[in-house]
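Report on the following structure.
The values are calculated or read from the model by the stated rules, or taken from the named source; none is laboratory data. In this text the structure is predicted, and so the values were computed from the model without any measurement. FYI the Cβ positions are ideal-geometry reconstructions off the backbone, even for glycines, and counts take in every protein chain you see.
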Amino acid sequence: MSPTLTDAAPSRGDAADGLSILESRKSAAETFGIPLAVLAELTHRCPLQCPYCSNPVELERGGSELTTDEWKKVLTELAEIGVLQIHFSGGEPTARKDIVELVQHASDVGLYTNLITSAVLLTRDKLKALADAGLCHVQISFQGNEPVVADRVAGLKNAHEKKLEVARWTRELDLPLTVNAVMHRQNLHQLADIIQMAVDLDADRLEVANVQYYGWALKNRAALMPTLQQIEETSRIVEEAEVRLKGILAIDYVVPDYYALRPKKCMGGWGRQFFNISPAGKILPCHAAETITGLDFLSVRSNHSIAWIWQNSEAFNRYRGTGWMPEPCQSCEFKEIDFGGCRCQAFALTGDAGNTDPACALSPMHEQIFKTAETEASHGGDRFIYRNFAGGTVETGGEYGS
Ligand code: SF4
Ligand code: SF4
């Protein structure tokens with residue numbers, strides 16, 4: 001699932017549930033410096049074909065996925081080293097037949113569980129079974145606020161209506177709900193209506209995530225890149241809604257960094273606050289990290305523990321901290337604030353993950369990239385390359401309209 005991940009603590013929860021209890025066990029995680037929340041990408045299989053999908057362009061086939069027992073072992077190990085929250089994601093995590101069993105196991109070992117889902121494979125019975133197994137939170141992605149735009153972006157007919165239905169079931173089952181909306185040039189005009197949709201669905205939280213351009217999104221950059229005017233309008237709408245909906249809907253806003261002067265602190269800094277586990281069990285500093293060639297990411301199937309991989313593996317240490325940084329980062333006052341930006345973006349745009357993220361205005365490549373973004377936003381075609389196992393399929397037009 002794409003593409004943001006925030007702490008999914010329920011805002012309605014009382015002191016007797018959710019994280020408030022788990023946080024009392026923080027000490028083990030602090031010993032290892034282990035992140036409190038981990039993203040488990042159970043599979044890359046997904047019925048949707050979003051053109052900005054954060055999964056790698058080379059998708060992992062079902063045959064290489066960790067087995068049920070392997071995932072259970074991973075979940076137990078995560079709990080033992082102090083992880084508190086597990087985000088089940090993908091691909092579409094409910095494409096795994098064992099999803100209820102995995103949620104049950106995570107719950108049994110004391111993990112707070114969040115399901116990050118496109119929702120289209122869920123039935124009410126399945127959702128109820130997940131709730132009964134201890135699921136704590138549901139995050140549903142939306143591609144727009146109505147079917148014409150949303151189904152076309154998702155590459156699946158009737159997806160939007162199904163998502164609305166599952167969102168209502170989620171609240172009927174008293175599960176906290178986050179709406180995740182990935183925004184780009186072809187749906188930003190719907191932002192105000194998406195915010196209202198989240199309120200109407202009784203969501204606790206809305207993630208307004210501008211597309212991050214690597215992997216599938218980089219392939220689709222010309223069709224997705226917003227204009228500067230759209231970005232300015234987005235910020236205005238979000239700021240107004242944050243004030244108006246205070247106490248009703250929490251809004252997380254991820255700004256697009258092509259139009260920024262400084263890059264985002266990607267994943268809180270490489271190997272500092274986050275790791276995810278790929279369908280085949282690789283431990284990664286971010287979900288796009290496998291796009292960087294030349295790094296050897298170790299797997300839970302290796303002879304090393306997860307804590308060892310996090311602390312000692314070469315791939316995690318390569319860009320950890322500030323010692324690896326080139327100029328202009330090395331002598332920059334912001335180096336411990338943004339940690340040089342995004343390594344995946346630096347690799348995608350400059351061919352070297354060890355360069356300053358070109359989103360930074362101090363990067364020698366920034367101006368050229370900003371100009372390209374502006375040109376693509378105004379002259380780029382609208383057709384998508386849909387995400388699939390065949391390496392992508394170009395939209396022919398009208399195939400997913402409702
Ligand atoms: S195709 Fe869409 S729904 Fe499926 S994993 Fe990618 S972003 Fe998520
Ligand atoms: S030069 Fe490096 S550390 Fe300084 S703002 Fe740019 S990316 Fe951040």
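Could we say that Y52 is crowded, with 22+ Cβ neighbours inside 10 Å, in contact with a helix residue (DSSP H, G or I) (Cβ under 6 Å, 6 or more places away or on another chain), closer than 30 Å to Q186 by Cα and modelled with pLDDT of 95 or more here? Spelling it out, Y52 is indeed crowded, with 22+ Cβ neighbours inside 10 Å, in contact with a helix residue (DSSP H, G or I) (Cβ under 6 Å, 6 or more places away or on another chain), closer than 30 Å to Q186 by Cα and modelled with pLDDT of 95 or more. It is to be established whether one or more residues within the stretch 15-31 are within 16 Å of ligand 1 (Cβ to nearest atom), part of a loop (DSSP other than H, G, I, E, B) and either modelled with pLDDT of 95 or more or within 17 Å of L135 (Cβ to Cβ) (or both). The answer is no, given that none of the residues of the stretch 15-31 is within 16 Å of ligand 1 (Cβ to nearest atom), part of a loop (DSSP other than H, G, I, E, B) and either modelled with pLDDT of 95 or more or within 17 Å of L135 (Cβ to Cβ) (or both). Being buried (at least 16 other Cβ atoms within 10 Å of the Cβ) and closer than 23 Å to T350 by Cβ is a property that holds for A217.
Contact map, the stretch 382-396: residues that are acidic (D, E) paired with residues that are surrounded by 13 or more Cβ atoms within 10 Å (Cβ to Cβ), Cβ distance under 7 Å, separation 6+ or inter-chain. Pairs shown: D382/Q186; D382/A223; E395/R383; E395/F384; E395/Y386. From the list V149, V211, the lone residue that is within 15 Å of ligand 1 (Cβ to nearest atom) and surrounded by 24 or more Cβ atoms within 10 Å (Cβ to Cβ) is V211.
With a requirement of 1 or more residues that are in contact with a strand residue (DSSP E or B) (Cβ under 8 Å, 6 or more places away or on another chain) and farther than 29 Å from R236 by Cα, the helices (runs of 4 or more DSSP H) lying completely within the stretch 124-201 that satisfy it span 124-132, 159-172. The residues of the stretch 333-351 that are part of a helix (DSSP H, G or I), without any contact (Cβ under 8 Å) to a residue 60 or more places away in the chain and within 11 Å of ligand 2 (Cβ to nearest atom), listed by number, are K335, E336, A346.
Can you confirm whether the stretch 380-387 contains a residue that is among the aromatic types (F, W, Y), under 28 Å from A150 (Cα atoms), in contact with a Leu (Cβ under 7 Å, 6 or more places away or on another chain) and not in a helix (DSSP H, G or I)? Scanning the stretch 380-387, I find no residue that is among the aromatic types (F, W, Y), under 28 Å from A150 (Cα atoms), in contact with a Leu (Cβ under 7 Å, 6 or more places away or on another chain) and not in a helix (DSSP H, G or I), so the answer is no. Among residues of the stretch 40-66 being among the charged types (D, E, K, R) and touching a Pro at 6+ places or on another chain (Cβ under 8 Å), the one that is farthest from ligand 1 (Cβ to nearest atom) is E65. Considering the stretch 67-105 alone, what residues qualify as being buried (at least 24 other Cβ atoms within 10 Å of the Cβ), away from ligand 1 (no atom under 14 Å from the Cβ) and within 24 Å of N388 (Cβ to Cβ)? Listed by number, the list holds a single entry, I99. For G281, state whether it is over 30 Å from T67 (Cβ atoms) and under 23 Å from the mean Cα position of the chain (by Cα). No, not satisfied.
Pairing each residue of the stretch 57-78 that is closer than 23 Å to A37 by Cβ and assigned to a helix (DSSP H, G or I) with any residue that is at pLDDT 95 or above and of a type in the set (G, A, S), provided the two are 6+ apart or on different chains, yields C-beta distances under 6 Å for L75/A106. Restricting A353, A359, A377 to those that are in contact with an Asp or Glu (Cβ under 9 Å, 6 or more places away or on another chain), at negative phi and surrounded by 15 or more Cβ atoms within 10 Å (Cβ to Cβ) reduces the list to A359. In a helix (DSSP H, G or I) and either hydrophobic (A, V, I, L, M, F, W, C) or touching a residue at least 24 places away in the same chain (Cβ under 8 Å) (or both): does that describe E367? No, not satisfied. Would you pick out the residues in the stretch 128-143 that are in contact (Cβ under 8 Å) with a residue 40 or more places away in the chain and either crowded, with 23+ Cβ neighbours inside 10 Å or within 16 Å of ligand 2 (Cβ to nearest atom) (or both)? Passing the criteria: L135, C136, H137, V138, Q139, I140, S141, F142, Q143.
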